[in-house]
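Data first, discussion second: the structure below is written as structure tokens.
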Ligand code: SF4
Ligand code: SF4
């Protein structure tokens with residue numbers, strides 16, 4: 001284990017698709033919409049603090065509307081992710097799944113001076129951490145970097161959204177905001 005590889009193999013126990021609430025970034029949502037053609041409201045939920053007590057009040061991705069806080073999440077039905085196939089028990093959007101799902105249960109390690117030290121496996125997220133496989137670190141690192149950038153974009157968008165004031169503001173309006181801004185970006189690149 002080190003900077004080249006990390007020992008792990010997913011055994012599809014489904015723990016992370018049932019016991020863990022997945023919080024996608026806007027980029028994940030856009031990728032899922034493109035891959036499935038689904039309306040995002042078919043698979044998104046907006047959770048209030050009593051529904052997701054693990055996320056601190058100062059997390060920068062809380063959406064603020066009408067005196068309430070909401071967090072964008074993938075829907076769960078009886079604690080099962082909307083996209084878990086009930087027959088195969090595999091992810092139904094595997095190629096388009098959120099980056100958070102791809103990085104689970106890897107933990108980024110760095111030295112005190114910020115030097116990258118490789119990945120290990122989180123010991124406290126419920127994954128059985130089977131070590132009978134090998135995962136390439138450079139690919140994980142690229143994914144981690146991409147997620148960092150997406151999280152930054154996400155926080156910037158939430159900041160803009162939270163500054164808006166109008167009657168009838170709903171957390172769903174955030175989705176319209178980032179889908180519209182993504183379409184405008186795509187058009188300006190054409
Ligand atoms: S999107 Fe797929 S991998 Fe992620 S929690 Fe849902 S079923 Fe699991
Ligand atoms: S908890 Fe670990 S072993 Fe189980 S499905 Fe998730 S990544 Fe795979």
(message) Tell me whether the range 36-53 contains one or more residues that are assigned to a loop (DSSP other than H, G, I, E, B), crowded, with 19+ Cβ neighbours inside 10 Å, at pLDDT 95 or above and touching a helix residue (DSSP H, G or I) at 6+ places or on another chain (Cβ under 8 Å).
(response) yes
(message) So residue 116 ticks every box in (1) away from ligand 2 (no atom under 16 Å from the Cβ); (2) modelled with pLDDT of 95 or more; (3) touching a helix residue (DSSP H, G or I) at 6+ places or on another chain (Cβ under 8 Å) but one. Which box is left unticked?
(response) (2)
(message) Scan the range 153-162 and tell me whether some residue there is within 24 Å of residue 17 (Cβ to Cβ) and assigned to a helix (DSSP H, G or I).
(response) yes
(message) Being near ligand 1 (Cβ under 10 Å from one of its atoms) and closer than 22 Å to residue 46 by Cβ is the filter here; which residues of the range 74-90 pass it?
(response) 74, 75, 76, 80, 81, 82, 83, 84
(message) I'd like to check something: does the range 122-133 contain any residue that is without any contact (Cβ under 8 Å) to a residue 12 or more places away in the chain and touching a strand residue (DSSP E or B) at 6+ places or on another chain (Cβ under 9 Å)?
(response) yes
(request) Check off (1) in contact with a helix residue (DSSP H, G or I) (Cβ under 8 Å, 6 or more places away or on another chain); (2) farther than 28 Å from residue 141 by Cα; (3) within 16 Å of ligand 2 (Cβ to nearest atom) for residue 69 and give me the number that stays unchecked. (result) (3)
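The values are calculated or read from the model by the stated rules, or taken from the named source; none is laboratory data. Keep in mind it's a predicted model, so treat the numbers as computed, not measured. All Cβ positions, even for glycine, are placed from backbone atoms using ideal geometry, and neighbour counts span all protein chains on display.
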